[in-house]
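Remarks on the structure that follows.
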C-alpha cells in the first residue's frame with residue numbers, strides 16, 4: 001500500500017497522522033520528485049505491471065490452482081520454522097504459471113532455484129528491489145529472458161518478480 005508521497009521518499013518524519021498539521025511535515029515537497037526519480041519510476045512501473053496482470057488485483061484469496069508456494073530450493077516452504085525468512089511463489093494466469101515472485105526477508109543473500117519454464121518459454125526478470133536503477137542504464141544479463149539460469153541470488157531483504165515469456 002502506498003501513501004501519497006511514498007513514491008518519492010516523503011516520510012513526514014515518521015508521522016503517520018500529520019493530516020492536521022499545516023507545516024512542512026504535511027506539505028508535499030515537489031522537488032523530491034526530481035531528487036528521487038528512480039524510486040518514483042520504480043513505483044510507477046510497479047503500478048503499470050500490476051495493471052497488466054489482473055491476477056495481482058484479485059479481491060479474494062488465491063486457490064491452490066492459482067498459486068504454488070516455494071522455498072528457495074523449490075520445496076514446499078517450512079511454514080513453522082521461525083528462522084525461515086525466504087519464500088517464493090508461482091502465480092497462474094489463465095491456468096498457466098506466468099509469474100514467479102521471490103522474497104528474502106533474511107539478513108543474508110539467498111540462492112533461489114528456478115522452476116522449469118514451460119517448453120518454448122523463459123523466465124525474464126521484471127523487478128528486483130535490490131537493483132532499482134535508471135531505465136537509461138544498460139541492462140545486465142539478468143534483464144534478458146533466460147532459460148539457461150538455474151538459480152538466482154536474491155540479496156538480503158529484497159524481492160524479485162519474474163515473468164514467463166515465450167521465446
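The values are calculated or read from the model by the stated rules, or taken from the named source; none is laboratory data. None of these values were measured; they are calculated from a predicted model. So basically every Cβ, Gly included, is an ideal-geometry build from the backbone, and we count neighbours across all protein chains shown.
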>> Looking only at residues that are farther than 25 Å from residue 7 by Cα and in a loop (DSSP other than H, G, I, E, B) in the stretch 117-139, which one is modelled with the highest pLDDT?
In response: 120
>> Please go through (1) surrounded by 11 or more Cβ atoms within 10 Å (Cβ to Cβ); (2) farther than 29 Å from residue 150 by Cα; (3) touching a helix residue (DSSP H, G or I) at 6+ places or on another chain (Cβ under 9 Å) for residue 57 and return the number of the only condition it doesn't satisfy.
In response: (1)
>> Need pairs with beta-carbon distance below 9 Å; first residue in contact (Cβ under 8 Å) with a residue 24 or more places away in the chain and within the stretch 10-32, second assigned to a loop (DSSP other than H, G, I, E, B); sequence gap 6+ or separate chains.
In response: 28/4; 28/5; 28/10; 32/5; 32/9; 32/10
> Taking the stretch 147-158 as the region of interest, how many residues are within 14 Å of residue 128 (Cβ to Cβ) and either modelled with pLDDT under 60 or not in a strand (DSSP E or B) (or both)?
Replying inline: 4
> What's the number of the condition residue 23 fails, among (1) in a loop (DSSP other than H, G, I, E, B); (2) within 23 Å of residue 155 (Cβ to Cβ); (3) not assigned by TED's automatic domain parsing to the domain that holds residue 103?
Replying inline: (2)
>> Among the residues of the stretch 67-83, are any over 17 Å from residue 162 (Cβ atoms), in contact with a strand residue (DSSP E or B) (Cβ under 8 Å, 6 or more places away or on another chain), surrounded by fewer than 16 Cβ atoms within 10 Å (Cβ to Cβ) and free of Cβ contacts under 8 Å to residues at least 60 places away in the same chain?
In response: yes
>> Of everything in the stretch 12-34, what is under 24 Å from residue 129 (Cα atoms) and surrounded by 13 or more Cβ atoms within 10 Å (Cβ to Cβ)? Give them in sequence order.
In response: 12, 32, 33
